[in-house]
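For reference, the structure discussed in these notes is given below.
No lab work stands behind these numbers, since they all come straight from the coordinates. Remember, it's a predicted structure, so these values are computed and weren't measured experimentally. Neighbour counts are summed over all protein chains in view; Cβ atoms, including those assigned to glycine, are modelled from backbone coordinates with ideal geometry.
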Amino acid sequence: MARKIRWGVIGSGGIALRRTIPEGILPARNAQLVAVWGRNPKTNAAVAAQFGVRAARSLEELLAMELDAVYVASPNHAHCEQVCAAARAGKHVLCEKPLGRTVAEARRMLAACRRARVNLGTAFMMRFHSQHQAALQLIREGRLGQPVYARAQLSCWYPPLRGAWRQDPKLGGGGALMDLAGHCLDLLEMFFGPITALSCVTNRTVHRYPVEDSAVVLARFHNGATATVDTFFCIPDNSSKNRLELYGSQGSILAENTIGQGSVGEMVAWLENARGYDARQMRGGGHALRIAPKPVNTYRAEIEAFSRAILEGRDTRDWALQGLRSQMLLAACYKSARTRREIRISANVAA
């Protein structure tokens, strides 16, 4: 039997319990779940029993086990210390986005993993969505023409909840912008390349917790294209279709519900070679190319890709830099919202 990467989970509730353990680690062909640890002993014991693995009594106990890698799914404020502790223990680390709460925390995590010579990855699982990969291939083939404009939407209904760390700026680092826009901005840079300027408006439109429940971003890309990102904690789930729209000089790629935690959405491409000017601007007719590759579970694909890199001795520095880049973009968005000015940002992730 081929060797499998032995995984531990830090932060055994939340997204780890709902998605990454049952859909990612357990079915992965090159991964094995060994142990879990979370701050709530009762929840942690129940998760361990559910999946038939060890329940560590402390972070130190988990990191002392014979593990190859750990998945960090704890609240944002714990990411930095836990990733650094895992690095010191010689464990490779896949950390949920965002990579900490600030650019400084992200840089500290990268430095700790580099010193320990372990891999660090940021869990942007939506990059692995088969429809996103198909859209990326069309763009790389030049079928969309010159990139012109994009839109990415990710919203949900998130009312005030007692003890919700995402609603506490000290624990989460922000609200809808921090929690949701990172995925959108990351995808748009995957499609259109580096962003060089950002403008942002945030608001507490409906909910009165301390973080923003609304955020809209206007981005400019190095290649001249523009984009908008809209993220809200105050729109009912079924009312927001999490749209992805990619426009170029030769057509468009339009999708609903590919952005999110699922594996399948609706995506079509309208591709054409515009010839001359038509004053009538007719919109009828044409042929839509349905983009429906075989679905893949994004959590499983992410775990298998990270495990494969470890088994093959490959560095995942690009994965880590995606997390740092995300923090740079989010920091620029928050600065823009405070100052009401457009913020320039280097196309170089290490700047």
**Item:** Volume in Å³ per residue [convex hull over Cα atoms, computed for region 67-213]
**Value:** 148
**Request:** Before anything else, pin down the relative contact order of the chain: Cα pairs under 8 Å, at least 6 apart, normalised by residue count, whole percent.
**Result:** 20
**Message:** Going by average Cβ density within 10 Å per residue, which order do the peptides 107-120, 135-148, 174-187 take, highest to lowest?
**Reply:** 174-187, 107-120, 135-148
**Asn273 versus Ala197: modelled label distance in nm, points set 7 Å from Cα along the beta carbon direction** = 3.4
**Request:** Pairs of Cα atoms under 8 Å, at least six residues apart: use those to get the relative contact order of region 150-194, whole percent.
**Result:** 37
**Request:** Quick one: dipole size for region 204-339, taken about the Cα centre, charges +1 on Lys/Arg Cβ and -1 on Asp/Glu Cβ, in debye to the nearest 20.
**Result:** 260
**Request:** Mind giving me the nanometre distance, one decimal, between the label points for Arg39 and Glu60, set 7 Å out from Cα along Cα→Cβ?
**Result:** 1.9
**Prompt:** Looking at region 55-94, which GluC sites (Glu not before Pro) are in a loop (DSSP not H, G, I, E or B) and have at most 16 other Cβ atoms within 10 Å?
**Reply:** Glu66
**Complete:** With only helices counted (DSSP H, runs n ≥ 4, each -39500 (n - 2.57)), the per-residue ellipticity at 222 nm for the chain, to the nearest 500, works out to -9500 deg cm²/dmol
**Cα gyration tensor shape of region 300-351, rounded if a/c is under 1.5, else prolate or oblate by comparing a/b with b/c** = prolate
**Fill in**
Rounded to the nearest 0.05, FRET efficiency between Asn348 and Ala46 (Cβ-Cβ, R0 45 Å) equals 0.50
**Summed residue charge, Cβ within 15 Å of Ala56's Cβ, Lys/Arg positive, Asp/Glu negative** = +3
**Request:** Calculate the dipole size of region 153-215 relative to its Cα centre from +1 charges on Lys and Arg beta carbons and -1 charges on Asp and Glu beta carbons; express the result in debye to the nearest 20.
**Result:** 320
**Request:** Starting from the amide H of Gln250, placed 1.01 Å from N in the peptide plane, find each other amide H under 5 Å away whose residue is 5 or more places distant or on another chain.
**Result:** Gly145, Gln146
**Whole-number percent relative contact order across region 149-252, with pairs defined as alpha carbons under 8 Å at least 6 apart** = 41
**Item:** region 253-274 residues near the modelled Lys241 label - backbone nitrogen below 15 Å, point 7 Å along Cα→Cβ
**Value:** 253-259, 265-270
**Complete:** Checked region 1-104 against the a/c 1.5 cut and the a/b vs b/c comparison, axes a ≥ b ≥ c from its Cα gyration tensor; verdict rounded
**Item:** Disulfide-incompatible cysteines by the Cβ rule (no partner under 4.7 Å) in the chain
**Value:** Cys80, Cys84, Cys95, Cys113, Cys156, Cys184, Cys234
**Fill in**
Options [x] 50, 50, 36; [y] 67, 46, 42; [z] 71, 49, 39 are given for Cα extents along the principal axes in Å, and the computed one is [z]
**Fill in**
Gyration tensor on Cα atoms of region 29-76, a ≥ b ≥ c root eigenvalues, a/c under 1.5 rounded, else prolate if a/b beats b/c, else oblate, says rounded
**Top positive-direction residue, dipole computed over the chain with Cβ charges, set Gln250, Gln50, Thr298** = Gln50
**Message:** Taking the Cα centre as origin and putting +1 on Lys and Arg beta-carbons and -1 on Asp and Glu beta-carbons, what dipole magnitude results for the chain, to the nearest 20 debye?
**Reply:** 480
**Asked** Along the positive direction of the dipole of the chain (beta-carbon charges: Lys, Arg +1; Asp, Glu -1; about the Cα centre), which of Cys84, Ala123, Pro159 reaches farthest?
**Response** Cys84
